[in-house]
Amino acid sequence: MKTSMSILGICILCLCYQPLSAQEEERDQDQQPPEEVESTQEEERDQDQQPLEEVDSILEEDRDQEQHPLEESDSLKRTSFNVWPYAFYTPEVSLAFGGGGIFIFYTADDPIVKPSKIGFSGYYSINKQYKVGVNPVFYFFENKLFFKVPTTYAYMVDKFWGIGNDTPDIPNPSFTRKVFNTTITVQLPPLWFISDRTGIIFDYDKTTMVDKRDNQLLLNDVVTGSNGGQSFGVGTDLLWDTRDNIFFPNTGGYQYFKWMVYSGTAGDFQYASMEMDVRHFRAIKPDHVIAGQFYLSSVTGDPPFYKLPAIGGSSHLRGYFTGRYRDDLFMMLQLEYRQYFWKRFGFVVFAGAGDVAPDLMRFKFDYLKYSFGGGLRFMFNQKEKVNLRADIGFGRPGNIGVYFGIEEAF
């Protein structure tokens, strides 16, 4: 833009200012024969109509610079580090206080490379629960190599109502456990599959049952996992990702498929799991987005009860306690409308439905669990559109949840 303004200024000066020699030339032209005058005027008209190639090339360079700023300064500008304290309440945790942060950076100056991040958080609740976690996510080599290692350690008061889609309330559903979990995911461009990336996954989970708290379903030791144990699994995944932004997409889609096998030799439980996550995003206008998600999770074999697919939590059918309904299969569909309404502040409204079942053939639409609600957003990182979120979700009568977090639910 500066270059084009400079060129415009020079052109104006050239039009307004004519040196003495130019004036003499004009007088000479007046005295020239008509034929010479006409040829001279024709040449001038041709020059006026001819595009200024040099100016166009300069303007083109300016546009390129606007679209692709200098790599060195761009790298510095796009690197960000944010921390924040927070207090929240959820059905699972009760009232808690904690803090978190996210470091966003790029592994290369190539504009194609997606932002990498290291997220971390920790909290302590009034009922003595705590959780600390770190979630590093890296993109390398034009997004062809992806590396993720989420790791958490928690002391939590959980609840178990039994297995099935119609489990009744019981007097003492609570129990206490300690959990350490880490998952290593490495993805590369596929050799045999038509997808953006495929990879290998290693998952390790150690659960220690601290107190069964008079939960009759766990005291008799009949339910698999009622005494805790270790799980070690290896699997693979496929990913298709066309989102225009990984934190707040306006357009594009996300399709993810994962398959895991857990060994009874390396761990205490032998089972297999499958997960499918399909998302689509469409903007009515910039940052006014309709988002949809179809999610399916299933297991076969003999998994611990706390690894069964379950309804609830901050992402899947908000409004239900995580694990209020558990079974070998969970399937759901949800829609969400997202919009910024004033500066960095935005809101969402959402609704969804789903249920658990022993398997897909016995999935009953008559027992669908619904969920709806809304929330507020604050964009604390404007460049990458990373939001802090606060949601309230409602389910069937007696089911309600309040959720605080970073990034969108899906």
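Any read-out appearing in this document is the output of simple, stated calculations on the displayed coordinates, not a laboratory observation. Since we're looking at a predicted model, the values are computed, not measured. Here Cβ is always computed from backbone atoms with ideal geometry, including for glycine, and neighbour counts include all displayed protein chains.
Distance from a point 7 Å along Cα→Cβ of Val186 to each backbone N in the stretch 131-170: keep the residues under 19 Å and list them by number.
Backbone N within reach: 136-151.
Does the stretch 262-326 classify as rounded, prolate or oblate by the C-alpha gyration tensor (a ≥ b ≥ c root eigenvalues; a/c under 1.5 gives rounded; else a/b over b/c gives prolate, otherwise oblate)?
On the way: a/c = 4.11, a/b = 2.21, b/c = 1.86.
It comes out prolate by the Cα gyration axes.
Using a 10 Å cut-off around each Cβ, can you sort Lys285, Lys114 from fewest to most neighbouring Cβ atoms? The partial results should precede the final answer.
Values: Lys285 8, Lys114 17.
Ascending number of Cβ neighbours within 10 Å: Lys285, Lys114.
Work out how much length Phe105 to Asn220 would gain on full extension: take 0.36 nm times their residue separation and subtract the Cα-Cα distance, in nm to one decimal.
36.4 nm
Which of rounded, prolate, oblate describes the stretch 79-227, given a ≥ b ≥ c as roots of the alpha-carbon gyration tensor eigenvalues and a/c under 1.5 marking rounded, otherwise prolate only if a/b is larger than b/c?
Values: a/c = 3.08, a/b = 1.68, b/c = 1.83.
The shape class here is oblate.
How big is the shadow of the Cα convex hull of the stretch 82-406, averaged over all directions, in nm²?
Working: hull surface 67.8 nm².
That works out to 16.9 nm², a quarter of the Cα hull's surface.
Which value in nm describes the separation of the simple spin-label points at Thr236 and Phe378, placed 7 Å from the Cα toward the beta carbon?
Simple spin-label model gives 4.5 nm for this pair.
Round to the nearest 0.05 the FRET efficiency obtained for Phe347 and Asn82 when R0 = 22 Å and r is the Cβ-Cβ distance. If you can, show how the numbers build up before the last one.
Values: r = 21 Å, r/R0 = 0.96.
Efficiency, from the Cβ-Cβ distance: 0.55.
Work out the length of the dipole vector of the stretch 285-410 about its Cα centre, built from +1 on the beta-carbon of each Lys and Arg and -1 on the beta-carbon of each Asp and Glu, and round it to the nearest 20 debye. Walk me through the intermediate numbers first.
On the way: 16 positive and 12 negative charges, 103 e Å.
That gives the stretch 285-410 a dipole magnitude of about 500 debye.
Just how large is the dipole of the stretch 202-349 about the Cα centre, in debye to the nearest 20, putting +1 at every Lys and Arg Cβ and -1 at every Asp and Glu Cβ? The partial results should precede the final answer.
Working: 15 positive and 16 negative charges, 163 e Å.
The calculation lands at about 780 debye.
Can you give me the relative contact order of the stretch 282-380 as a percent, contacts being Cα pairs under 8 Å and 6 or more apart?
Values: 215 pairs, mean separation 25.5, N = 99.
RCO, the stretch 282-380: 26 percent.
If r is the Cβ-Cβ distance from Ile284 to Phe97 and R0 is 25 Å, what FRET efficiency results, to the nearest 0.05? Please report the intermediate quantities before stating the final value.
Numbers: r = 38 Å, r/R0 = 1.52.
Calculated transfer efficiency: 0.10.
If each residue of separation counts as 0.36 nm, what is the full-extension length gain between Ser174 and Lys364 once their alpha-carbon separation is subtracted? Don't skip to the answer; put the middle values down first.
On the way: separation 190, 0.36 × 190 = 68.40 nm, distance 2.78 nm.
Here the segment from Ser174 to Lys364 would lengthen by 65.6 nm.
From the Cα gyration tensor of the stretch 179-335, with a ≥ b ≥ c the square roots of its eigenvalues, which class applies: rounded if a/c is under 1.5, or else prolate if a/b is larger than b/c, or else oblate? Provide the component values of the computation, followed by the final result.
Numbers: a/c = 2.71, a/b = 1.53, b/c = 1.77.
Taking the square roots of the gyration eigenvalues as a ≥ b ≥ c, the stretch 179-335 is oblate.
To make sure I understand, if each residue's beta carbon is the centre and we count other beta carbons within 10 Å, what order do Asp110, Asp169, Asp327 fall in, fewest to most? Mind showing how you got there, number by number?
Numbers: Asp110 13, Asp169 8, Asp327 23.
Placing the least packed residue first, the sequence is Asp169, Asp110, Asp327.
Under 28 Å Cα to Cα from Lys212, which lysines show up? Leave out anything in the same chain fewer than 8 places away.
Here the lysines satisfying the reach criterion relative to Lys212 are Lys128, Lys131, Lys159, Lys178, Lys307, Lys369.
Among Arg326, Arg389, which comes first, second and so on when ranked by fewest other beta-carbon atoms within 10 Å? Present the calculation step by step, with values, prior to reporting the outcome.
On the way: Arg326 23, Arg389 19.
So the ranking, lowest neighbour count to highest, is Arg389, Arg326.
Given points 7 Å out from each Cα along the Cα-Cβ axis, report the Thr265 to Val113 separation in nanometres with one decimal.
So the label points at Thr265 and Val113 sit 4.0 nm apart.
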